[in-house]
1. Calculate the spin-label point distance for residue 165 paired with residue 353, positioning each point 7 Å from the Cα along the beta-carbon direction, and give it in nanometres.
2. By how many nm would the segment from residue 110 to residue 283 grow when fully extended, if each residue of separation counts as 0.36 nm and the alpha-carbon distance is taken off?
3. For region 314-339 and region 362-413, what is the separation of their Cα centres, given in Å?
4. On C-alpha positions alone, give me the angle between the axis of helix 387-398 and the longest principal axis of the chain, in degrees, nearest 10.
5. Run through the DSSP bridge list for region 195-355 and note the antiparallel percent, rounded to the nearest 5.
6. Please give the helix 225-236 orientation as an angle from the longest Cα principal axis of the chain, in degrees from 0 to 90, rounded to the nearest 10.
7. Taking the chain as a Gaussian network, Cα atoms linked when under 10 Å apart, which of 219, 82, 40 shows the biggest mean-square fluctuation?
8. From a point 7 Å beyond the Cα of residue 398 in the direction of its Cβ, which residues of region 173-213 have a backbone N at a distance under 20 Å?
C-alpha cells in the first residue's frame with residue numbers, strides 16, 4: 001500500500017491523493033484557485049491512472065479538477081447526493097468564469113456528471129478488495145470523511161472536517177483506532193473562538209451598523225457559509241432585512257432539497273423564507289436603499305456581486321468578513337492595503353471592516369483530540385501551510401510517526 005500526494009501537501013488547495021491498492025483510488029481531485037501568481041494550480045501528474053475517485057465534498061479545492069480526468073479516463077466518482085449537485089453548480093460557474101483556461105470543457109463536464117455514483121453516510125461498498133465507508137465530516141452539507149479497509153489496514157481520510165456543532169451541522173464524531181490517518185491541518189496552530197461568542201459578536205456589529213443607517217455587507221462563500229449565516233442571523237432576529245445575492249441563492253435551494261443532510265431542516269426552511277433573494281437590479285437597489293444585511297458572494301471578493309455593493313452603500317456601512325481570505329485576493333488586499341483591484345485598477349475602499357472566524361474547519365484542540373482518539377500508527381498531515389511544524393510537534397511531544405509530504409511525494413504504508 002502506498003499513497004501518492006499530488007496536492008494539498010505543505011499547502012492548502014488542490015487536494016488529491018492516489019492510493020495504490022489492488023485498485024487505484026483517488027481521494028479528491030481539486031484545484032488551488034489562487035496560487036502566488038493569481039492563477040489556478042492543478043494536481044501533480046499521477047504515475048498510474050486511477051480506477052475510481054472518492055470525493056469528500058464539493059468545494060473546488062477538493063472537486064474542481066475532476067472533469068479534467070474525463071479527457072482520457074473513463075471512471076466513476078463517488079460522492080453524496082448533495083455533493084454531486086453542488087459540484088454541478090460550481091463546475092458550471094468555473095466554466096463560465098475561466099472558459100478556455102480550464103483543462104476541461106462541456107464534453108468532459110457532461111461525461112463527469114454521468115459517471116457519478118451515489119453514496120450515503122455509513123453505507124459500505126467495495127472497490128476491488130477494499131471496503132469503503134463515508135462518515136459525516138460536519139464541514140458542509142454532504143461532506144464526508146472516508147474510511148478504507150484493505151490488506152488488514154484501516155486508513156481514514158478526513159477531508160475537511162469540523163467537530164464543533166454549528167447551526168446547520170452536528171459536527172464530526174471521533175473515529176477510534178485507525179492504522180493510517182490522513183488528516184487536514186489547516187488550523188493546526190490556532191483555535192477558533194467559541195461559536196456562541198462569535199454569533200453574538202456578529203449580531204452586535206449588525207445591529208450597530210443598521211442603527212447607524214448603514215448596510216452590513218457580508219462577503220460570503222456561496223457553499224456552506226451563506227447558509228450558515230442565514231441560519232445564525234435568523235436564529236437571533238426574524239425581522240431585520242436580510243438580502244442574499246450571488247451563487248448562494250442556488251446553493252441554498254439545494255440545501256433545502258437535501259434537507260436530511262442538515263441538523264434542523266424545519267428551522268432552516270423558516271429562516272430561508274424570511275430572507276430576500278436578489279433576482280435583479282431593482283432588488284439590488286432595494287437592498288442598499290434601506291439599512292439591511294447583504295450576504296453576497298464571493299467570500300474573498302474576487303468577483304461576484306459583492307464588488308458592486310462596495311460602491312453603492314453609504315458611508316455608514318460596514319464590511320464583516322466571516323471567512324479567511326487567501327493572500328493576493330481582493331479580501332486580503334482590502335484588509336491589508338485598503339483597496340481592491342477591479343479590471344486591473346486599484347479602487348480604494350473607505351468602509352470599516354471586521355473579521356470574525358466562522359471557520360468550518362477543525363481548530364487546534366479538535367485536531368489534537370481527533371488524533372488522540374484515532375490513535376494511528378502513522379499520520380499524514382495535509383491541507384495546511386504549517387504541516388512541517390505540526391509534524392515535528394506531534395513527533396516530539398506525543399511520539400507519533402508523522403509525515404508532512406511534499407507535492408509529488410509517495411508515502412509507503
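A short reminder: the numbers here are calculations on the coordinates, not readings from a lab. Quick caveat: nothing in here was measured; it's all calculated off a predicted structure. FYI the Cβ positions are ideal-geometry reconstructions off the backbone, even for glycines, and counts take in every protein chain you see.
1. 3.4 nm
2. Computed gain between residue 110 and residue 283 is 59.0 nm.
3. Using only Cα atoms to place each centre, the spacing works out to 32 Å.
4. The answer is roughly 60 degrees.
5. Around 20 percent of the beta bridges assigned by DSSP in region 195-355 are antiparallel ones.
6. Result, in degrees: 50.
7. Largest GNM mean-square fluctuation: 40.
8. Under 20 Å, as judged by backbone N against the label point of residue 398, lie 173-193 of region 173-213.
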